[in-house]
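Some notes on the structure that comes next.
The values are calculated or read from the model by the stated rules, or taken from the named source; none is laboratory data. Keep in mind it's a predicted model, so treat the numbers as computed, not measured. Cβ placement follows ideal geometry from the backbone for every residue including glycine, while neighbour counts extend to all protein chains displayed.
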Amino acid sequence: MSESEAPETFQDSVSHMVDRAMAYLELPEGGRVALKTCESVIQVSFPIRFRDRIEVFTGWRAVHSSHRLPVKGGLRFAPNMDQPHAEALAALMTYKCAIVDIPFGGSKGGLRIDPRQYDEAEMERVTRRFAHELIHRGYISPAQNVPAPDMGTSQREMAWIMETYRERHPEDINHAACVTGKPVEMGGIRGRLEATGRGVLYALQAFFGETGATAEAGLQGGLGDQRIIIQGFGNVGSHAARFLQAEAGARIVGIINVDGGIYHPDGLDVESVADYLRHAGTLEGYPGVQFERNGNRLLEADCDILIPAALEGAIHRDNAPNIQARLVVEAANGPCTFEADSILRERGITILPDIYVNAGGVIVSYFEWVRNLSHIRFGRMERRYDHAQGQHIVSAIEMMTNQTVPDWMRDSIVRGAEEIDLVRSGLDDSMRQAFREMHEVREVESNGEILDYRTAAYLIALRKIIRARSDLRLV
């Protein structure tokens, strides 16, 4: 393959997509470079002594934009982690927070490690040391930089990081807010674990609720009438699949995992597949379906909606011409390369972009951060008051009608909102508001030519960032 034919990098893709939106902005000289450049990047390397060896680990934390504080973004543990990945992901976080109106800047980081090669005790030592290095340099704090789980990390790692921060800063009463995505019993918030997957559901509900959006994409019927393939059955993909099937009635016809994919045109039972995968450790052998060893071939299978929820670059210039879905919903970060995005758009395939669809996690992380700073769970002050007010309403209805209100209606009226109800309500509202703004901008900013959703999303995000920076004003 010649140099001119070399595949573009993840960082290149993000940069090109931003450039496309910047064409609609009037910026002072140097403004485009300033908006795209990471403010700071730190690299740390440290040795860990195990029983029979010493290993040196390298990690990064990139801050793309601190126009809002704290900056926010996950920590990724992966064998291919490097600085360009950190910078590209940090940029996506900046735009993601802006599009859904979360008052954070963008940051991202990670450690080059394969977590599968280490036991829990070893992972704890490595995680705590990495956290120590970042905390020591001011790259983790409730007021400056707040990590969250990403690929290869979970609630467990966030708990270790929070404890490490508390040990170094025992005077900080807001120490729980130094990370989000923690276990509930350690200051986390209910609904954060599945937030990104539930955000995918809400994004699709917003799309199907907008008049004309489905017709423009060439889709017929409602969300429950669609055939969906999901690539990636980790935290995001598995929760999205469950919610889409259980709450929207959608038909999940294909599931792609790291070891292969399964497909059935009549649909799969998501819970059954999850149980099988949990016990067997593989999708191979799941009864009554087509198994494809090269699971990514199923990206090109017959479906209405394709949801890539795994790694970046899953859809590229080689397979984009073969995608059959009418709607691609980017639940992962950067699943379509810039080249693939151009090919899909030319083919008339609608794309809901990652900086919108993937934002559920940071939305609920914001709720968790606010909860940690306020030191009180949502709903604690008003729940019993709402319950009493609901009871008064029920009594008034019964007095006026001389009839007893059915139990199901009584329970619905008098039940005060739990914290999880408020979290889901806030997530749903945030996703719907962001989609409405995106849908409106793509029509009014294009001089007669309707913008694609990605360009509209970046345009909205860039304008919000510019308004928040005194050194970057529209001419």
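Pairs are defined by a Cβ separation below 8 Å, a sequence spacing of at least 6 or placement on different chains, a first member in segment 242-254 that is touching a residue at least 24 places away in the same chain (Cβ under 8 Å) and assigned by TED's automatic domain parsing to the domain that holds TYR286, and a second member that is outside any helix (DSSP H, G or I) and aromatic (Phe, Trp, Tyr); the pairs so defined are VAL253/TYR263; GLY254/TYR263. Of the helices (runs of 4 or more DSSP H) lying entirely inside segment 165-256, the ones with 3 or more residues being among the aromatic types (Phe, Trp, Tyr) are found at 195-208. The residues in segment 114-129 that are within 15 Å of MET81 (Cβ to Cβ) and among the basic types (Lys, Arg) can be counted, and the count is 1. None of GLY267, GLY285, GLY260, GLY281 is small (Gly, Ala, Ser), surrounded by 15 or more Cβ atoms within 10 Å (Cβ to Cβ), over 30 Å from GLU449 (Cβ atoms) and at pLDDT below 95 except GLY260. Does GLU29 satisfy being in the same structural domain as ALA457 (by TED's automatic domain parsing), over 15 Å from GLN11 (Cα atoms) and exposed (fewer than 14 other Cβ atoms within 10 Å of the Cβ)? So GLU29 fits the description; yes. Here the condition is being assigned to a helix (DSSP H, G or I) and either in contact with a helix residue (DSSP H, G or I) (Cβ under 9 Å, 6 or more places away or on another chain) or outside the structural domain of LEU462 (by TED's automatic domain parsing) (or both); of ALA143, ALA121, it holds for ALA121 alone. Just one residue in the set LYS96, LYS36 is crowded, with 24+ Cβ neighbours inside 10 Å and touching a residue at least 40 places away in the same chain (Cβ under 8 Å); that residue is LYS96. Taking the criterion of being touching a Ser or Thr at 6+ places or on another chain (Cβ under 7 Å) and crowded, with 24+ Cβ neighbours inside 10 Å, the residues of segment 332-377 that qualify are GLY334, THR337, ASN358, GLY360, GLY361, ILE363, SER365, GLU368, TRP369. Among the residues of this structure, GLU449 counts as one that is within 24 Å of THR214 (Cα to Cα), in a loop (DSSP other than H, G, I, E, B) and without any contact (Cβ under 8 Å) to a residue 12 or more places away in the chain.
Take VAL100 and tell me if it is in contact with a strand residue (DSSP E or B) (Cβ under 8 Å, 6 or more places away or on another chain) and among the hydrophobic types (A, V, I, L, M, F, W, C). So VAL100 does not fit the description; no.
Can you find a residue that is touching a residue at least 60 places away in the same chain (Cβ under 8 Å), surrounded by 12 or more Cβ atoms within 10 Å (Cβ to Cβ) and more than 22 Å from GLN205 (Cα to Cα) anywhere in segment 433-445? The answer is yes, given that some residue of segment 433-445 is touching a residue at least 60 places away in the same chain (Cβ under 8 Å), surrounded by 12 or more Cβ atoms within 10 Å (Cβ to Cβ) and more than 22 Å from GLN205 (Cα to Cα).
Residue pairs whose Cβ atoms lie under 8 Å apart, separated by 6 or more positions or on different chains, with the first residue in segment 99-110 and part of a loop (DSSP other than H, G, I, E, B) and the second β-branched (Val, Ile, Thr), are VAL100/VAL362; VAL100/ILE363; ILE102/VAL362; ILE102/ILE363; PHE104/VAL71; PHE104/VAL146; PHE104/VAL362.
Taking segment 257-284 as the range and being polar (S, T, N, Q) and part of a helix (DSSP H, G or I) as the test, only SER272 passes. On inspection, PHE104 does not qualify as in contact with a Gly (Cβ under 6 Å, 6 or more places away or on another chain) and at pLDDT 95 or above.
Screening ARG76 against (1) among the charged types (D, E, K, R); (2) part of a strand (DSSP E or B); (3) more than 19 Å from the chain's Cα centre (by Cα); (4) crowded, with 17+ Cβ neighbours inside 10 Å leaves a single unmet condition, (3). If I ask for residues that are in contact (Cβ under 8 Å) with a residue 40 or more places away in the chain and either surrounded by fewer than 23 Cβ atoms within 10 Å (Cβ to Cβ) or assigned to a loop (DSSP other than H, G, I, E, B) (or both), which ones from segment 155-164 would you list? Correct list: empty. When you scan segment 193-212, do you find a residue that is more than 30 Å from HIS439 (Cβ to Cβ) and either at pLDDT 95 or above or within 24 Å of the chain's Cα centre (by Cα) (or both), even just one? Looking for residues that are more than 30 Å from HIS439 (Cβ to Cβ) and either at pLDDT 95 or above or within 24 Å of the chain's Cα centre (by Cα) (or both), one finds none in segment 193-212, hence no. Of the residues making up segment 441-464, not a single one is over 20 Å from PHE104 (Cα atoms), touching a Phe, Trp or Tyr at 6+ places or on another chain (Cβ under 7 Å) and of a type in the set (A, V, I, L, M, F, W, C).
Taking the criterion of being under 16 Å from TYR95 (Cβ atoms), surrounded by 15 or more Cβ atoms within 10 Å (Cβ to Cβ) and more than 22 Å from the chain's Cα centre (by Cα), the residues of segment 7-26 that qualify are ARG20, MET22, TYR24, LEU25.
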